[in-house]
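Inspection log for the structure reproduced underneath, given as structure tokens.
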Amino acid sequence: MIGPFAPADQQGVLDLILSIQRDEYGIAITAADQPDLTDIPAFYGPGAGGFWVARQDSRPVGTVALKDIGSGAVALRKMFVAASHRGRAAGVAQALLDTALAAARDRGVTQIWLGTTDRFVAAHRFYEKNGFALVEAETLPPGFPRMAVDNRFYARAVDGSARCASA
């Protein structure tokens, strides 16, 4: 059900992410505002990065990505799950995060950082339940790819502790 991004996923990934951002949360964002989604392999593939897709019947129902930002750190990005596949019973979000965490460990990553919007309240609870701690924007590493809508930030050591060395 979860595997690496494939070119055939491109339109489905874009449709999934934009529908959640715009239709569910009313965020005024377009595909043009997210150039990382126009060439996923080039943006997320280098170093310890990666992009994974949860699929049902070949259709993307969830995504998660890691962007290598240097010094043993990655940014967790594009964690989105279709409303129809959310919740503990479905387990899609947890499986996506577990996939990203395993990849980070395998690739020698020590720290994971993420940015999100204050509108994604359920996501905040999910991240906190999974060992992420709220951090101030000033502590983000210099290479962190901050999006304009990001106004809430989290960090976690790959070993599971919420404490990360600040930049």
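With both labels modelled 7 Å from their Cα along Cα-to-Cβ, the Ala102 to Glu24 distance reads 2.4 nm. Put simply, the amide H of Gln34, placed in the peptide plane, has no neighbours under 5 Å, leaving out anything fewer than 5 places away on its chain.
Amide hydrogen proximity for Val61: with H placed 1.01 Å from N in the peptide plane, the residues at 5 or more positions away or on another chain lying under 5 Å are Ala54, Arg55, Gln56.
Normalised per residue, the accessible area of the chain is 48 Å², obtained with a 1.4 Å probe and no contribution from ligands, DNA or RNA. Amide H contacts of Thr117 (H built 1.01 Å from N, in plane; Pro and chain starts excluded): Asn151 sit under 5 Å, all sequence-distant by 5 or more or on other chains.
Model label points for Ala6 and Arg86, set 7 angstrom from Cα along the Cα-to-Cβ axis, are 2.8 nm apart. Neighbours of Ala8 by Cβ distance under 12 Å: Lys/Arg scored +1, Asp/Glu scored -1, total +1. Rounded to the nearest 20, the Cβ-based charge dipole of region 1-116 about its Cα centre (Lys and Arg +1, Asp and Glu -1) stands at 300 debye.
Solvent-accessible area assigned to carbon and sulfur over region 47-142 amounts to 49 percent, based on a 1.4 Å probe.
Residues of region 23-41 falling in the label zone of Ala148, defined by backbone nitrogen less than 16 Å from a point 7 Å along Cα to beta-carbon, are 26-37.
The values are calculated or read from the model by the stated rules, or taken from the named source; none is laboratory data. Every value quoted in this text rests on a predicted model; they were computed, and no experiment measured them. Cβ coordinates were reconstructed from backbone atoms using ideal geometry, including for glycine residues, and neighbour counts include every protein chain displayed. When the accessible area is computed, the model is the full protein with side chains, heavy atoms only, and any ligands, DNA or RNA have been set aside. Shrake-Rupley method; radii C 1.70, N 1.55, O 1.52, S 1.80 Å.
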